[in-house]
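The values are calculated or read from the model by the stated rules, or taken from the named source; none is laboratory data. What you are looking at is a predicted structure, and each value in this text was computed from that prediction instead of being measured. Cβ coordinates were reconstructed from backbone atoms using ideal geometry, including for glycine residues, and neighbour counts include every protein chain displayed. Accessible surface areas use protein heavy atoms only, side chains included; no ligands, DNA or RNA. Shrake-Rupley method; radii C 1.70, N 1.55, O 1.52, S 1.80 Å.
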Amino acid sequence: MSNYELDPLPYDADALEPHVSEQVLTWHHDTHHQGYVDGWNAAEDTLEDNREDGDTDGSAGAIRSVTHNSSGHILHSLFWQNMSPEGGAEPEGDLRERIEDDFGSYEAWKAEFEAAASDASGWALLVYDSFSERLRNVVVDKHDQGAIWGGHPVLALDVWEHSYYYDYGPARGDFVDAFFEVVDWDEPSERYAEAVERFE
Ligand SMILES: [Fe+2]
């Protein structure tokens, strides 16, 4: 039996107010994120059963389900860590320098990331592209459509409607502004450093 588990939020559910409401964070983590964890485990179990039975009926659908639900679990886990009540600052150190090298300036990166967030039907991601050895912004639909091979997520922003509609209605840009009020670059900076150490 597959046993991926949902970690608790790294802060209280009301810790990001007023930028992200306690209600939205609770629904988002406890219901939506839990659903991806459960979906991933169920799909893995289907594949395991099919392998044991020598039967591939339903295996292709289960493989798609693994991709969808595992991507949902992984990205949401990053998203929670990419925000904190002490957030709201700009990146510093090596990651800041790399953003300036690869995008021209922090402001140019941010404008491009916001454009990605306004267009995505899923996520805006800052990724480390291990093939080209550079940072990129990526527009992701659902949790996986538009992903780049060899891309390692550094910063993840969920722009599914479940992420903001209750708080901001159709004003997605206001939610993106709110995200930057609570964005926390500590974990993304570590994630970037690990990617550079591994691939460069
Ligand atoms: Fe979400």
Fill in: When residues of the stretch 114-141 are limited to those that are buried (at least 21 other Cβ atoms within 10 Å of the Cβ) and aromatic (F, W, Y), the one nearest to V159 (Cα to Cα)
W123
Worksheet item: Are there any pairs, at least 6 apart or on different chains, whose C-beta atoms fall under 9 Å, with the first in the stretch 157-178 and without any contact (Cβ under 8 Å) to a residue 12 or more places away in the chain and on the phi < 0 side of the Ramachandran plot and the second in a loop (DSSP other than H, G, I, E, B) and crowded, with 17+ Cβ neighbours inside 10 Å, and if so, which?
Response: A171/Y164; D174/Y164; D177/H19
Worksheet, complete the sentence: Scanning the stretch 1-22 residue by residue, the ones that are at pLDDT 95 or above and open to solvent by 70 Å² or more (accessible area, probe 1.4 Å) total 11
Practice prompt. Go through (1) within 16 Å of the ligand (Cβ to nearest atom); (2) under 20 Å from F179 (Cβ atoms); (3) of a type in the set (G, A, S) and name the single condition G35 misses.
Written response: (2)
Discussion item. I'd like to check something: does the stretch 180-194 contain any residue that is within 14 Å of the ligand (Cβ to nearest atom), touching a residue at least 12 places away in the same chain (Cβ under 8 Å), within 16 Å of A117 (Cβ to Cβ) and touching a His at 6+ places or on another chain (Cβ under 9 Å)?
Written reply: no
Discussion item. Quick check on the stretch 142-173: of everything there that is of a type in the set (D, E, K, R) and closer than 30 Å to F199 by Cα, which residue is surrounded by the fewest Cβ atoms within 10 Å (Cβ to Cβ)?
Written reply: K142
Fill in: Within the stretch 56-66, considering residues that are β-branched (V, I, T) and closer than 21 Å to H143 by Cα, the one nearest to the ligand (Cβ to nearest atom)
V66
